[in-house]
Amino acid sequence: MDDLNAPDERTAGDGAPTRPDFDGVFAVVAQYWTARAVHAGTALGLPDLVARAPRTAPELAELTGSDPRSLHRLLRALAAVGVLRGDGGGRYTTTPLGDALRTDVPGSLASFVQMELGEAHHLTWGRLVDAVRTGEPVFERAVGRRIWDFFETDPVMNDHLGKAMTGLTAMVADAVLEAYDFAPYRRIVDVGGGEGGFLASLLTAHPAATGVVLDLPHVVEGGRARIAGAGLTDRCELVGGNFFEKVPEGGDLYTMKWVLHDWDDSAAVEILRSCRRAMSDEARLLVVDTVVPDGDDFSPSKIIDLNMMVLSGGRERTAEEFDRLLTRAGFTLTRILPTRSPSSAVEAVPIPSA
């Protein structure tokens, strides 16, 4: 039996003995506390309030209905991590990090924070151990509803979902446009395209193209004002439907951004086969998802993968896993283009019909 009291004989690369990194563990736990503080500050609307004018804790307490002393402590913590900035005289203002949490800036991530760090996701992540032990998503066990039913029946969270996807899409769309040449395509079908933010970016960059967004009826309904506001009503059609059943035909490029990672392999293959049935042999498929690299180096994809595991039973995939998935569905993987965002552009062509 191993002697648990024996000295640790592991060594670093230079031969020096290693010691347990207690500070590192504390830093990991502090990151969790920090995330919860950022969620609280965003829920109270602090970035919006201090962007309008520098304010003190008592002023902000009155505006938010909070206890002044407790709010002061939250403000102090948010300033310590760079979300806010104190002026030394008791007033707080915003920072570039805090500006990303304002609701009045293009691409705001305020709703993303409210969704991902809100109560439902918080409860779900609390069951990560259960997800690992059972191999099953735990959102329904934690919240009482399947994740898609939750968003469909909760107007506030559904609104946060739409705004969160819009904000995140703004982060990734330009990166994908830099990495992939969309110029040859005249009709783009965005499958599971939400409220149309990604396709709107593509069509704005390529005025000769037209497009179709397919998503659930209540989802695309929320995108009509956005498409109209972008001046794309005549070039972008919003279709309510189910991508497991039918995908619009006639596109020469089919895109899916952050769709396949929501689903396990069996469901993902069915979505891809539905796309293949709608596509001609000459069309192309572009999947925008994170690609998990080999090895143990840090990649955001490895943490995002855990989020998909607990929420929906989905997953992020390696290049090899994408290759197998696409082949099963009737496609050939042609290339994977990294972008300056965490997502990559995974291109595939249909295996020709017999």
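Worth pointing out:
- Correct choice for mean projected area of the Cα convex hull in nm² that was computed from the model, options (i) 23.9; (ii) 19.0; (iii) 42.1: (i)
- Per residue, the accessible area of the chain comes to 52 Å² when a 1.4 Å probe rolls over the protein heavy atoms.
- Where labels lie 7 Å past Cα in the beta-carbon direction, separation of ASP296 and THR134 in nm: 3.1 nm
- To the nearest ten degrees, helix 155-179 and the longest principal axis of the Cα atoms of the chain are 70 degrees apart.
- In the chain, helices alone account for a calculated mean residue ellipticity at 222 nm of -14000 deg cm²/dmol, with every DSSP H run of four or more residues adding -39,500 (n - 2.57).
- Gaussian network model of the chain, springs between alpha carbon atoms under 10 Å - residue of ALA268, ALA329, ALA53 with greatest fluctuation: ALA53
- The GNM of the chain, with springs linking C-alpha atoms under 10 angstrom apart, assigns the highest mean-square fluctuation among GLU316, GLU282, GLU152 to GLU282.
- In the assembled protein chains, TRP33 presents an accessible area of approximately 140 Å² (probe radius 1.4 Å).
- 0 to 90° range, to nearest 10: angle between helix 265-278 axis and the chain longest Cα axis: 40 degrees
- Where ASP305, ASP297, ASP181 fall by accessible area, highest first, once all protein chains stay in place (1.4 Å): ASP297, ASP181, ASP305
- With Cα atoms, 0 to 90° folded angle of helix 22-43 axis to the chain main axis: 70 degrees
- A full extension of the chain between MET171 and SER70 corresponds to an added length of 33.0 nm, given 0.36 nm per residue minus the alpha carbon distance.
- ³J(HN,Hα), Karplus 6.51/-1.76/1.60, whole Hz, each residue of segment 78-92, x for Gly, Pro: 5, 5, 5, 9, x, 7, 10, 9, x, 9, x, x, x, 9, 10
- Each label point was placed 7 Å from the Cα along the Cα-to-Cβ direction; for GLU270 and ARG19 their separation is 5.6 nm.
- Whichever lysines have a C-alpha closer than 17 Å to that of LYS163, once near sequence neighbours (fewer than 8 apart) are set aside: LYS257
- Aspartates and glutamates with Cα under 12 Å of LYS246, excluding same-chain neighbours fewer than 8 positions away: ASP215, GLU270
- Accessible surface of LEU238 - all protein chains present, 1.4 Å probe, nearest 10 Å²: 20 Å²
- If you run the Gaussian network model on the chain, springs between alpha carbon atoms under 10 Å, then out of GLU249, GLU59, GLU136 the most flexible one is GLU59.
- Amide H contacts under 5 Å for VAL291, placed H, 5+ residues apart: SER344
- Calculated FRET efficiency, GLU221 to ARG52, Cβ-Cβ distance, R0 = 22 Å: about 0.10 to the nearest 0.05.
- Taking the protein heavy atoms of the chain in the context of the full set of protein chains, the accessible area attributed to carbon and sulfur is 54 percent at 1.4 Å.
- For TYR92, solvent-accessible area (1.4 Å; no DNA, RNA or ligand), Å²: 30 Å²
The values are calculated or read from the model by the stated rules, or taken from the named source; none is laboratory data. This is a predicted model, so every value here is computed, not measured. Backbone-built Cβ (ideal geometry, glycine too); neighbour counts: all protein chains shown. Keep in mind that these areas ignore ligands, DNA and RNA; they rest on the heavy atoms of the full protein, side chains included. Shrake-Rupley method; radii C 1.70, N 1.55, O 1.52, S 1.80 Å.
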